[in-house]
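Q: Have a look at the structure that comes next, please.
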Amino acid sequence: MKGISHFISGVAAATFVSKAVNMAMYDSSIIIALGGLFGILPDTLDFKFAKFMQKFDFEVDPHPDDMNPQIMADIVAQAINTAFKEKKEISLMLHSVKISADLFRQYSVYFDNEQSQVVVEIGPIVNMSKIPYPGTEYQGNNIGKAKLDAKVLHSYDDKTYIDIFSGSDFSFRKSGDKVEALFIPWHRRWSHSLTLGIFFGIAGWLLLKLFGVMNAHVYGFVFSLGFCTHVLEDQLGYMGSNLFWPFTKERMNGLHWMRSGDALPNFTTVWISCLIILFNLNRFAPEANKAFHMSWVEFAGYTFFIPLVLLLIVGKIFDTISMYKKMKDDKYREMLISEMNKESRMESEESIS
Amino acid sequence: MGELIFYMEPLMYLVIGTLLSAILGCLPALHIYNIAGILIILWAKISWMGGENFIALCAGLVVGYSIVSTVPAIFLGAPDEAAMFMVMPGQKYLMQGRGYEASIITGIGGLGAAFAMLLLTPFLPIIVRTVRTVFSPHMGWILTTILFYIIMSEFPKGGDRGKPLQKFLDGWGSIFAGLFTLFISGFLGMILIYKPFVNTEFAFQNIMPAFVGLYAVPWVVLNLMSRGNIPKQHIAKSTNLNWELVTRGTGAGMLGGMFAAIFPVVTGGIGGLFAGHATAQRDERLFVMSQGVSKFAYYVGAFLLFFIPGAALTRGGMAWMISSIYMPYGNEPYYRLLGFIAISAAISFFMLILFSKLMIKFIHSYNYRVVNWITLIFILTVVMSITGYWGLIVMIVCTGIGLIPVMYSSRRMNCMGVLLIPITFNMLGIGPKIAAIMGLV
Amino acid sequence: MENNKNLETHCPSCGKFTGTYERCPYCGAEVGKRMSIKVFRYGSVLLAIFGVLFLWLAAQNKEIEELDFAAITPTMNFAFVKVSGTVIGDPRVYFNENGNVNSMNFTIANGKNEVRVMAYSAVAQSIIEERKLPAKGENVEIKGSLRVRDEGDTLALYIQTSEHIMIEGSGPVKTKDFWEITKEEEGKHIDIKAYIVDIKKNDNKAPGSIVISSESGKTTSLTVWNTVIDGLRMMHKDKLVRGAEFEARVTVNVYKDRMQLMLRNSTDLTLTGKFGKDIGLSTKVKGEITKDDLGKDVVISGVVSEIFNINTKNGKVMKKLLFNYGFGEIDIMLYQEVHENFKSEIVEGNKLEINGAVKEYNGKLQIIPAKTENVKFLGVTDIPVKEKYNNIQIKDQEITEEFLNKYIDVTGKVYSRENLKGNMKYKFIYGSNKQIILFIKKGAVNYMQELENLADGTKIKITGKVTVFKNELEIILEHSKNIQILGE
């Protein structure tokens, strides 16, 4: 998930600890803010440290004026084949192709297991929102293919687009008669582990105790809580994390409930976290300072479910508007008529039986 | 009829305020709070109008500024890729010759915000009261949280090629620059808060030279230095927006803007960052629009909070400035202000269209650098005349700080350390100790 | 897009986009930048660092201006100024539920101008902790951030650090035993050490009190405003209990010619953490109350012998009870606030339990219960306490067993006194030389010292109960009021 989602869920998690809320309220402690800090820490460790430490065996770094997809495909294939042949982990960096401050030449890499080949396709120029500019399709040969010695096991997307920011990297590793492809291998490895979260908690506790900080154990607990909340949230996605590093070596597959970059789960997380913070702070406030007296069910009703229903209704209204716009389109009309017929058939069958 | 006449005079001042800020808003880097500061000094010196009229004038100024200031922001900010790592979406529009479109999208955002604010009217007192009751004993750590997020969300730029250490240093360059900006502006903020340099006579403008230096001057300097050329602009017939985008943009912008308005020290920029991240916007139209919404929600919202019956909050520069001359009582000022906001927003939107078109003509026939020079001289005159030599020195030092994030590809938001850091320290109760260590007590 | 390459943004060697880099990240070639960019790049950092250092030095040496009241305008909002003046009114301190200081404020006057001085949370806390809170009447000099409201009519000064309060000459503070403090020390601050006995808030606008006690049992009460009591409760929570030892700085006030020890701020009282044994636990009297018991809080039970109403100067009615507590008789003084709330009117013959401090007035001991709850109703005695009761009048008849357990009024002479552990036993000759034993209980004797020493042949009139003791009839006399010495 996005940084802010992790950050604020770390804060929200910390507000469940009544002692922490009291420390924040009465002793000007920043303990809850630290919950947020530890909530974002796993990604910080990855994207601000681990990322730079990664060494690459192969790099694809094409010149924007001369992309040559064949050479690019050859390098990718060579990386995979080397991993298969030499039975060792091989890392590959696919650099982005920067055209100007906000424009990139997009290209994609596809592991075609049926044909046992890797396909590199040069795409258009896109901006930071990944929106292509019309008329910027690559002039000349835009597809390169190279043979693979083994099939590729791939857990993230089928086709990997390399466009904005730094690009993407993989590591390949022999796994049976196939080669396993791990997307950004330095991510969610050691940093995203519950064991590390607990370690940070204990280390924080001991360190703060050493400095004579009161309630050091509560700090330690909140550190662990924020950190582990991040790890568990990420587990809802596809990629998963190496949950018990150093006892486990592999990323455990995620629950596939959502994609970490999607707007909806992120926004929902932030919204729910904000509500939790509000509810908990109010709950642990002294009676005189309470803004409301509601059970969590009632509170969630007003602040989550009613807005949710309203949003769904608004969303449906937009669907209807776009439907009426599309009515002009023949194909859409065809589909609509078949849907209508299906519905009326179902109703008539129901009344007969 | 009687009521109508009663409102006629304030309405006139509202329109004057709106027009005034629309015209002045077209100068780059000129903040309406500076204009309002001058007006308040004049008002205090010669008391030339009634309080109600003055408030109407201020309302016009705030609303007009929050919508029309988009014009210079979009048209007079050609990006220079040799100096800037990132290009803002508004600038992208400009570089594609679609500046007018961007300007209108932002304006629609402002109108959306005005509409959303009217919808929120009945709930706003409840929201404000709840938030204040629950959060006020927690403000210290909440500001710390915001500070942490600003620090933690600064992501490395570059660092793709070379050995690990090379990559690390390259990537961390912008983070270091951001941290340094935050630290040094915070350090300066401690000085300015514990030992202000501005003469006591115009003390309400204590922090003004700092903000002018941190934000306005670097902008003008950059414009003057920039070699980016503005391509030919065309006036689009449609903005390519649909209702869904408008709703989403309004929602996102309102969240950020109102967050900034309600919480102390949080400005529109910080609010926009949070809202942008929280709603995971990718679409450029959405981004540009929600910036417009957020700007309106922040400036106007913060002003409106001052009028909420029974739950008034003093937030934002305008409310702080008028707080020494006006105190609203009862419901009437609140609802009157809402009406004023609606009227002024509508006028401002038309002014935005007008000035965008004028600006396009202007850019093609004149050298717009002249405008930047005029602005710079105007700003210097204002700072010098209100805050004296010391204010000018503070402004120059702050210009140095304000240029760092621009020149080293970090975010200008880091300059907010000037307020965020000392106030967070004070709320956590460590401000006086740190000031004592710094020898400021 | 690709054709607007220039030498500043693209590598001259490999032609790739380099943006802000001055060295191509792809091939390492140098990418030239124009002078202005270089100047601003390095200039901004230098300007920032040296500029801030310069401002820092300047700030350290900057003097803070004195506020010129005549020149106040709304544009002076947020001015950082120095104000001096005299504190008017007692400073107020507010606490949060956890006992930390939320805010404090006081008003100072400088000529006709008044400025409200405020501090919040940590700053307020440190002002209190460092005992920097000034007292009413003290001259202070304060630095802070000015707030101008109502176009300059209302002024407030926000203190940013406790070091910005300067109090001029409040004089050295003495430490004393509280019972040695006298009226002559009016206006002085005195540090005392004692134990808490009771804390009483007052419902109306009058101040409440804290009853305190010394180790030896001497008591007095400190005058305290309700907000201060609230503050104390906030600060000390459950540690603020009877018996807790404390140190406090009190101010000697004189109010209506009576001395008051005023505790001005809750923060002027700190608990030592020690507890006194049996402090304030009113001692049940196990003997006669003497002058050694002055100041002690005692519990006695006994019977109301007689009631006098005393009209006080302020139009209230005070009741003085003559009270027999078994070891003697003592005056109980009931203030109107105490007796008017008693569930029924107190009449002679009521059996009561009284809790109060022993005081001395005009050389006589008295007990003053502080509140209605300190007077408990135990029942009604059947012992008549005054002549007006319809007792049997003995003239010539003989006191025989038929009078057993009845009350009689009789006149006679006493002979051959005998002291039985404080009780007095006399031979009583009444009527035509009839004889009976008269037993005067200790209580009556203690109240009326003469009863201990009645000369033979002293004529007295008594009201007593006829009882049997060791097969002999005797009259028992319990209250001194039931005896009238008629002479020899």
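None of the figures in this text is laboratory data; all of them are computed from the coordinates on show. None of the values given here were measured: they were computed from a predicted structure. Please note: Cβ atoms are built from the backbone with ideal geometry, for glycine as well, and neighbour counts cover all protein chains shown.
Q: What is the fewest-to-most order of A:274, B:26, B:415 by other Cβ atoms lying within 10 Å of their Cβ?
A: Values: A:274 17, B:26 22, B:415 28.
In increasing order of surrounding Cβ atoms, one gets A:274, B:26, B:415.
Q: Output the direction-averaged projected area (hull surface divided by four) of the convex hull of the alpha-carbon atoms of chain C, in nm².
A: Averaged projected area of chain C's Cα convex hull equals 41.1 nm².
Q: What spacing in nm lies between the two simple spin-label points modelled at residue A:325 and residue C:317, each 7 Å away from Cα in the Cβ direction?
A: Computed distance between label sites residue A:325 and residue C:317 equals 9.1 nm.
Q: Further question: Can you order the peptides C:80-90, C:463-473 by their average number of other Cβ atoms within 10 Å per residue, highest first?
A: Most protected by this proxy first, the peptides run C:80-90, C:463-473.
Q: Can you give the mean number of other chain Cβ atoms that lie within 10 Å of the Cβ atoms in peptide B:160-168?
A: Numbers: counts 14, 11, 3, 2, 6, 2, 2, 7, 5.
Mean shielding count: 6.
Q: What's the whole-number percent of alpha carbon pairs in the stretch B:235-282 lying beyond 18 angstrom?
A: Distances greater than 18 Å cover 37 percent of the Cα pairs.
Q: Out of all DSSP beta bridges in the protein assembly as shown, what portion is antiparallel? Express it as a percent rounded to 5.
A: Bridges in the protein assembly as shown that DSSP calls antiparallel: roughly 85 percent.
Q: Give C:200/C:359; C:136/C:201; C:188/C:320; A:2/A:316; C:188/C:274 a once-over and call out the pairs whose C-alpha atoms are over 31 Å from each other.
A: C:188/C:320
Q: Mind grabbing the base-10 log of I(q)/I(0) for the stretch C:392-487 at q = 0.22 Å⁻¹? Debye formula, identical points on the C-alpha positions, no solvent, two decimal places.
A: Values returned for q = 0.22 Å⁻¹ are -1.13.
Q: Using DSSP to define loop residues, name the GluC sites (Glu not before Pro) in the stretch C:131-225 whose beta-carbon has at most 15 other beta-carbon atoms within 10 Å.
A: On the way: sites: C:138, C:141, C:151, C:163, C:168, C:180, C:184, C:185, C:186, C:215; in loops: C:138, C:186, C:215.
Sites meeting the loop and neighbour criteria: C:186, C:215.
Q: On each of the three principal axes of the Cα atoms of the stretch C:95-183, give max minus min coordinate, whole Å, ordered largest first.
A: 52, 37, 21
Q: Here's another thing I want to ask about it. As a test of the definition: which semi-axes, in Å, follow for the protein assembly as shown when you take the square root of five times each eigenvalue of its alpha carbon gyration tensor? Largest first, please.
A: 83, 37, 30
Q: Which of the peptides B:298-304, B:392-398, C:31-37 is most tightly packed, and how do the rest follow, going by the mean number of other Cβ atoms within 10 Å of each residue?
A: B:298-304, B:392-398, C:31-37
Q: So which chymotrypsin sites (Phe, Trp or Tyr not before Pro) in the stretch B:81-159 are both in a DSSP loop and have at most 16 other Cβ atoms within 10 Å of their Cβ?
A: Passing sites in the stretch B:81-159 are B:123.
Q: Same structure again: Considering every Cα-Cα pair within chain B, what fraction, in whole percent, is farther apart than 39 Å?
A: Summing the P(r) tail past 39 Å for chain B gives 16 percent.
Q: Here's another thing I want to ask about it. Per residue of B:320-328, how many C-beta atoms from partner chains lie within 10 Å of its own C-beta, taken as a mean?
A: Counting other chains' Cβ atoms within 10 Å and averaging over B:320-328 gives 5.
Q: Just rank C:275, B:168, fewest to most, by other beta-carbon atoms within 10 angstrom.
A: C:275, B:168
Q: Oh, and also: Exposure proxy check: B:245, B:358, A:37, B:14 ranked by fewest other beta carbons within 10 Å?
A: Neighbour counts put them in this order, fewest first: B:358, B:245, A:37, B:14.
Q: Label points 7 Å out from Cα along the Cβ direction at residue A:338 and residue C:398: separation in nm?
A: My value for the distance between the label points is 13.7 nm.
Q: If you take each beta carbon of peptide A:32-39 and count the beta carbons of other chains within 10 angstrom, what is the mean?
A: That average works out to 5.
Q: Given a Förster distance of 35 angstrom, what is the FRET efficiency for residue B:381 paired with residue A:290, based on the Cβ-Cβ distance and rounded to 0.05?
A: Rounded to the nearest 0.05, the efficiency is 0.10.
Q: Okay, moving on. List the residues, sorted by chain then number, that are 5 or more residues from residue A:94 or on another chain and whose placed amide H is less than 5 Å from its amide H.
A: Amide H to amide H, under 5 Å and 5 or more residues apart or across chains, residue A:94 pairs with A:60, A:168, A:169, A:170.
Q: Turning to a different aspect of this structure: Lys/Arg Cβ at +1, Asp/Glu Cβ at -1, dipole of the protein assembly as shown taken about the Cα centre: which of C:35, B:147, A:184 is farthest positive-ward?
A: Of the listed residues, the answer is C:35.
Q: Let me ask something additional. Tell me, what ³J(HN,Hα) does each residue in the stretch A:164-179 have, in order and in whole Hz, if you take phi through Karplus 6.51 cos²θ - 1.76 cosθ + 1.60 with θ = phi - 60° and put x for Gly and Pro?
A: 8, 6, 8, x, 9, 9, 10, 10, 10, 8, 5, 9, x, 9, 10, 10
Q: Then there is this: Over the stretch B:301-439, what number does the Rg to Rh ratio reach, with both radii from the alpha-carbon atoms and Rh per Kirkwood? Show your work: numbers first, answer last.
A: On the way: Rg = 20.6 Å, Rh = 19.6 Å.
Expressed as Rg/Rh, it is 1.05.
Q: Something else: Counting other Cβ atoms within 10 Å of each Cβ, which chymotrypsin sites (Phe, Trp or Tyr not before Pro) in the stretch B:344-386 have at most 11 and sit in a DSSP loop?
A: On the way: sites: B:349, B:350, B:355, B:362, B:366, B:368, B:373, B:378; in loops: B:366, B:368.
Listed in order of number, the matching sites are B:366.
Q: If amide H atoms are built 1.01 Å from N in the plane of the peptide, which residues on other chains or at least 5 residues away come under 5 Å of the amide H of residue C:377?
A: Those lying under 5 Å, H to H, from residue C:377 are C:353.
Q: Still on this model: Label 7 Å along Cα→Cβ of residue A:85; the stretch A:171-188 residues with amide nitrogen under 13 Å?
A: none
Q: Need one number: nm distance between label points at residue C:138 and residue C:150, each 7 Å from Cα along Cα→Cβ, rounded to one decimal.
A: 2.8 nm
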